[in-house]
Amino acid sequence: MSKASTPPLPARLESVFSDLLKELSSCGHQASTLMERARLPRWCRKPLFFFLGYIAKADGRVMEADIRYAEALMKALGLSNRQRKKAIDQFQRGKAASQLPLRQGLLFRLLAAIWPGPALKTAICLCHGAQVLGQPGKARRYRCEDAIDHIGLPVAVSDDIFESYASKVWIRNAGPAAKPDTYEQACQILGVTRREDLESIKRTYRKKVSECHPDKLAQQKLTPSELAMAKDRLLRYQQAWELIKQRHRPL
């Protein structure tokens with residue numbers, strides 16, 4: 001079943017989440033920049049850095065990119081030296097955990113229904129941490145989903161955050177696109193997400209097609225390989241649009 005048929009989020013959660021995703025996009029998908037603008041309550045810090053350590057150790061080894069990201073968040077949150085030491089301690093505890101203790105994220109779970117903002121901001125930080133090396137593998141993604149479930153949010157939230165990164169970040173570094181087989185792949189090729197309505201996706205499709213139109217390409221001094229790549233992109237855009245038209249369902 002396509003994710004396009006995923007049940008909608010509760011209205012209050014959906015409203016706050018949509019605003020945060022727009023803000024994340026305006027920040028260039030840098031969660032640390034988002035945290036400078038949309039501050040986290042102090043009580044969120046302890047579980048945040050614990051979860052980040054838990055996710056970073058998913059593949060058995062914490063990478064330099066994980067540490068740099070944690071440090072960027074500490075700076076964005078304006079932590080003092082003492083607070084930084086506490087955050088590092090929680091990161092280390094998360095690294096050592098083989099599973100998440102029930103107490104971690106308890107306050108998030110208690111408040112998520114009436115005050116979803118802190119949980120959603122934390123979820124964005126966790127998803128960013130899961131993809132600091134690029135599109136996350138299964139181990140990182142599963143641990144991230146585990147953490148998001150632990151703070152009382154639907155796993156669909158992580159799906160939407162990752163889709164936002166897929167359409168705006170991962171696509172920049174992707175190689176030649178294969179023919180899309182799923183709705184999600186089609187969205188990634190066009191640089192959209194399943195949260196967008198069909199008319200919005202159609203406008204994006206037309207813009208991308210115009211960039212690869214033969215008349216426009218003829219005006220550019222392209223090498224044979226560049227011309228072949230442009231034609232390949234045009235074909236993939238057309239294939240993606242056809243698949244989306246067939247499977248799009250309003251959220």
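The values are calculated or read from the model by the stated rules, or taken from the named source; none is laboratory data. Everything numeric here is computed off the predicted structure, so don't read it as measured data. Every residue, glycine as well, gets a Cβ built from its backbone with ideal geometry; the counts of neighbours run over all protein chains shown. Just the protein is used for accessible areas: all its heavy atoms, side chains included, with ligands, DNA and RNA removed. Shrake-Rupley method; radii C 1.70, N 1.55, O 1.52, S 1.80 Å.
At a glance:
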item: Kirkwood hydrodynamic radius of segment 47-134, from inverse mean 1/r over distinct Cα pairs, in Å; result: 13.4
item: FRET E, pair ARG42, ARG109, Förster distance 25 Å, beta-carbon r, rounded to 0.05; result: 0.90
item: Partners for LYS75 among aspartates and glutamates (Cα-Cα distance below 20 Å; same-chain residues under 8 apart left out); result: GLU23, GLU36, GLU64, ASP66, ASP89
item: Nitroxide proxy distance, nm - points 7 Å out along Cα→Cβ at LEU133 and ALA97; result: 2.0
item: Kirkwood Rh, Cα atoms: Rg over Rh of segment 1-87; result: 1.04
item: Accessible surface, segment 17-69, averaged per residue in Å² (probe 1.4 Å); result: 46
item: Per-bin percent of Cα-Cα distances, segment 71-218 [10 Å]; result: 9, 30, 31, 18, 9, 3, 0
item: Value at 222 nm in deg cm²/dmol, rounded to 500, when DSSP H runs of n ≥ 4 in the chain each add -39,500 (n - 2.57); result: -20000 deg cm²/dmol
item: Distance between segment 17-87 and segment 94-115 - C-alpha centres, whole angstrom; result: 16
item: In nm, spacing of pseudo-spin labels at ARG12 and ASN81 (7 Å Cα→C-beta vector); result: 4.2
item: Surface accessible to a 1.4 Å probe, per residue, for the residues of segment 74-203, Å²; result: 48
item: Rounded to 10°, Cα long-axis angle of helix 11-26 versus longest principal axis of the chain; result: 70
item: For segment 103-153, average projected area of the Cα convex hull in nm²; result: 3.3
item: Compactness of the chain as Cα Rg over 2.2 N^0.38 Å, two decimals; result: 1.11
item: Estimated vicinal HN-Hα couplings, Hz - segment 198-213 in sequence order (Karplus 6.51, -1.76, 1.60; Gly, Pro = x); result: 5, 5, 5, 5, 4, 5, 5, 4, 4, 5, 5, 5, 4, 5, 10, 5
item: Alpha-carbon Rg/Rh ratio, for segment 1-147, with Rh computed the Kirkwood way; result: 0.95
item: Fraction of accessible area attributable to carbon and sulfur, the chain (%, probe 1.4 Å); result: 52
item: Net lengthening on full extension, SER210/LYS231 (0.36 nm per residue, minus Cα-Cα); result: 6.4 nm
item: In degrees, nearest ten, helix 64-76 long axis to first principal axis of the chain (Cα); result: 70
item: Filter on LYS85/LYS121; LYS207/LYS231; LYS168/LYS202 - keep pairs with C-alpha separation over 20 Å; result: LYS85/LYS121
